[in-house]
Amino acid sequence: MTHASADRQHHNVTLAVLGVGALAFALAQTTVVPALTPMQHAFGVGTSDITWMVTAYFLSASIFTPLLGKLGDMFGKERFLSIALAAFALGSLVCALGNGLGLEIVGRVLQGVGGGVFPLSFGIVRDEFPREKIPTGIALLGAIVGIGAAVGLPLGGLLVDQASYHWIFWMSAAMGVVATITTIKFVPESPVRTPGRLDVGGAAILAVGLSCVLIAVSRANEWGWGAGRTLGLIAVGLVVLVAFVAFERRHSAPLINMKTLARPAVLTTDLATLLVGFGLFGTYVLIPQMAQLPKGHEIGLGLDAFQAGLLMAPGGLAMLVVAPIVGQAGERVGSKPPLLIGCVIAALGLVGLAELHGHVVEVILWGLVLNVGVSCAFAALPNLIVNAVEPHETGEATGVNTIARNVGASLGGQVAASIIAGHAIAGGLPAESGFRIAFLMSAGVALAAGAFGLLIPASRPAGAAAPAAATEPTRA
């Protein structure tokens with residue numbers, strides 16, 4: 001039930017504060033990408049070593065996101081949102097001051113704790129907003145993932161070119177501090193509580209399983225997708241995750257309620273989210289790499305890192321326009337139609353990039369189409385999860401959905417990179433055929449996400465009255 005009281009601040013103030021924290025975390029996913037090569041040279045490490053700057057972040061986020069979502073449901077969402085943002089700010093400060101890979105990885109792990117901002121923020125919106133405004137609030141927060149990813153690449157390139165990689169982390173630290181302080185000062189503590197106890201054993205098992213899978217995926221291009229280490233780690237990770245499911249089903253107070261996860265609306269939405277994440281983050285490997293290849297070969301625009309990143313910026317800005325429209329549509333007709341439309345539009349943009357990519361204008365226009373579609377999907381997906389669960393389940397359900405997006409992002413980037421590496425012309429430069437195959441593969445994945453969207457059962461809009469929960473949560 002949405003909490004409404006005359007002494008509560010206007011919901012738009014709350015949304016603005018939540019948006020700062022969500023944007024800080026989303027930017028941290030991609031601003032570091034242009035800095036990886038300079039950091040590798042500065043630290044004197046190999047390519048496989050520097051990739052831990054990305055892997056450690058995704059691992060930490062995937063592990064802490066459901067944990068913080070659950071803790072927020074139990075003890076207060078505002079409280080644990082402040083903790084997540086403070087950890088993010090501390091990690092950013094460690095990275096800004098660090099001059100060696102070990103310390104930087106520690107900082108990135110702390111930054112990853114900030115992944116809890118999404119399930120906690122979704123829960124706060126559901127608890128605090130007027131019922132009819134919930135879909136728009138959640139849609140805007142969901143779209144911030146894509147906005148941050150698109151804007152982060154050129155911003156990171158600009159900071160590296162004009163200053164140093166340290167300034168990427170100083171920016172993140174400043175945003176994290178501001179978000180932490182404003183959250184404590186302005187975000188009201190959500191009144192909904194779910195009594196329970198922390199499932200430490202389940203959290204440990206989940207951490208091991210996700211670590212094995214994500215490490216294998218992140219190192220697959222170096223080891224080989226068919227290598228024993230890659231396949232062995234993936235197999236071990238999957239076995240551990242199956243054991244996690246069995247453990248949670250028998251646990252009296254599970255970290256993740258498997259009955260909730262198994263609901264058709266939740267399960268199909270999580271699968272669609274994984275596929276959308278796969279397609280989106282694959283393009284953030286493909287488009288900058290394609291743009292930075294020299295002119296005069298099969299493919300390439302001859303741009304520098306900053307210019308290549310700018311190609312995605314118009315699409316990221318378009319998400320700011322699209323997300324409120326999707327939210328308003330969700331208030332009237334639900335979020336399933338925007339998801340389906342978004343997947344089709346994203347697939348169209350990817351097909352366009354596969355066939356027409358010889359000029360900067362073509363890449364910008366088709367990238368804009370892609371990002372409009374992705375914005376529709378990312379704005380709709382968290383609303384679909386929220387629609388399918390009770391208020392006291394919001395944190396853990398949206399936390400699992402965030403894991404699905406992170407796993408999809410890791411897979412998408414690595415698979416796209418593998419396809420490019422497997423298609424080269426004389427001299428070792430990537431061939432045009434590799435990019436075409438990768439874009440078309442991503443288009444197929446986007447359509448597959450839409451197919452899963454078709455399977456999502458129809459449900460009430462997120463702002464509609466919810467049926468009575470089987471177990472009534474307590475109120476603070």
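The values are calculated or read from the model by the stated rules, or taken from the named source; none is laboratory data. Being a predicted model, the structure only gives us computed values, none of them experimental. A quick note on method: Cβ atoms are made from the backbone with ideal geometry, for glycine too, and the neighbour counts reach across all protein chains shown. Quick note on the areas: whole protein, heavy atoms, side chains included, nothing else; ligands and nucleic acids left out. Shrake-Rupley method; radii C 1.70, N 1.55, O 1.52, S 1.80 Å.
Taking the stretch 148-174 on its own, how many of its residues are of a type in the set (Ser, Thr, Tyr) and either within 23 Å of the chain's Cα centre (by Cα) or surrounded by 21 or more Cβ atoms within 10 Å (Cβ to Cβ) (or both)? Break it down stepwise before answering.
Just the residues of the stretch 148-174 that are of a type in the set (Ser, Thr, Tyr), to begin with: 164-165, 172.
Then drop every residue that is not either within 23 Å of the chain's Cα centre (by Cα) or surrounded by 21 or more Cβ atoms within 10 Å (Cβ to Cβ) (or both), which leaves 165, 172.
Looking only at that region, the number is 2.
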Filtering the stretch 121-130 down to residues that are surrounded by fewer than 24 Cβ atoms within 10 Å (Cβ to Cβ) and among the hydrophobic types (A, V, I, L, M, F, W, C) yields PHE129
Counting only residues that are among the aliphatic types (A, V, I, L, M) and open to solvent by 10 Å² or more (accessible area, probe 1.4 Å), how many does the stretch 385-396 have? 1
Restricting attention to the stretch 285-311, which residues are open to solvent by less than 20 Å² (accessible area, probe 1.4 Å) and either among the aromatic types (Phe, Trp, Tyr) or touching a helix residue (DSSP H, G or I) at 6+ places or on another chain (Cβ under 6 Å) (or both)? LEU286, PRO288, MET290, ALA291, ILE299, LEU301, ALA308, GLY309, LEU311
Would a scan of the stretch 338-356 turn up a residue that is modelled with pLDDT under 90, of a type outside the set (D, E, K, R), farther than 17 Å from ILE456 by Cβ and surrounded by 24 or more Cβ atoms within 10 Å (Cβ to Cβ)? no
Among the numbered criteria (1) within 23 Å of PHE88 (Cα to Cα); (2) surrounded by fewer than 23 Cβ atoms within 10 Å (Cβ to Cβ), which one does PHE118 miss? (2)
Expected single match for closer than 30 Å to ILE205 by Cα, of a type in the set (S, T, N, Q) and under 15 Å from the mean Cα position of the chain (by Cα) among SER62, SER82 is SER62
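Take LEU140 and decide whether it is open to solvent by 20 Å² or more (accessible area, probe 1.4 Å) and under 19 Å from GLY19 (Cα atoms). Working first, answer last.
Values: open to solvent by 20 Å² or more (accessible area, probe 1.4 Å): yes; under 19 Å from GLY19 (Cα atoms): yes.
Yes: the conditions hold for LEU140.
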Right, HIS423: touching a residue at least 60 places away in the same chain (Cβ under 8 Å), in contact with a strand residue (DSSP E or B) (Cβ under 8 Å, 6 or more places away or on another chain) and surrounded by fewer than 24 Cβ atoms within 10 Å (Cβ to Cβ) or not? no
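Please tell me if LEU370 is under 24 Å from GLY152 (Cα atoms), touching an Asp or Glu at 6+ places or on another chain (Cβ under 9 Å) and surrounded by 24 or more Cβ atoms within 10 Å (Cβ to Cβ).
Details: under 24 Å from GLY152 (Cα atoms): yes; touching an Asp or Glu at 6+ places or on another chain (Cβ under 9 Å): no; surrounded by 24 or more Cβ atoms within 10 Å (Cβ to Cβ): yes.
Spelling it out, it is not the case that LEU370 is under 24 Å from GLY152 (Cα atoms), touching an Asp or Glu at 6+ places or on another chain (Cβ under 9 Å) and surrounded by 24 or more Cβ atoms within 10 Å (Cβ to Cβ).
Take the conditions touching a residue at least 60 places away in the same chain (Cβ under 8 Å), of a type outside the set (Asp, Glu) and farther than 21 Å from ILE134 by Cα and apply them to LEU23. Does it pass?
Details: touching a residue at least 60 places away in the same chain (Cβ under 8 Å): yes; of a type outside the set (Asp, Glu): yes; farther than 21 Å from ILE134 by Cα: no.
Taking the combined requirement at face value, the residue does not satisfy it.
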Within the stretch 408-434, how many residues are in contact with a helix residue (DSSP H, G or I) (Cβ under 6 Å, 6 or more places away or on another chain) and among the β-branched types (Val, Ile, Thr)? 2
With the condition kept exactly as written, say whether any residue in the stretch 315-335 is crowded, with 21+ Cβ neighbours inside 10 Å, under 16 Å from TYR284 (Cβ atoms) and of a type in the set (Ser, Thr, Tyr). no
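Could you tell me which residue of the stretch 175-226 is farthest from THR14 (Cα to Cα), considering only residues that are free of Cβ contacts under 8 Å to residues at least 24 places away in the same chain and open to solvent by 10 Å² or more (accessible area, probe 1.4 Å)? Break it down stepwise before answering.
In the first step, residues of the stretch 175-226 are kept if they are free of Cβ contacts under 8 Å to residues at least 24 places away in the same chain; the result is 181, 185, 200, 204, 216, 223-224, 226.
Retained after the next criterion (residues that are open to solvent by 10 Å² or more (accessible area, probe 1.4 Å)): 181, 185, 200, 204, 223-224, 226.
Working: ILE181: 13, LYS185: 10, VAL200: 31, ALA204: 33, TRP223: 46, GLY224: 46, GLY226: 48 Å.
Top of the filtered list is GLY226.
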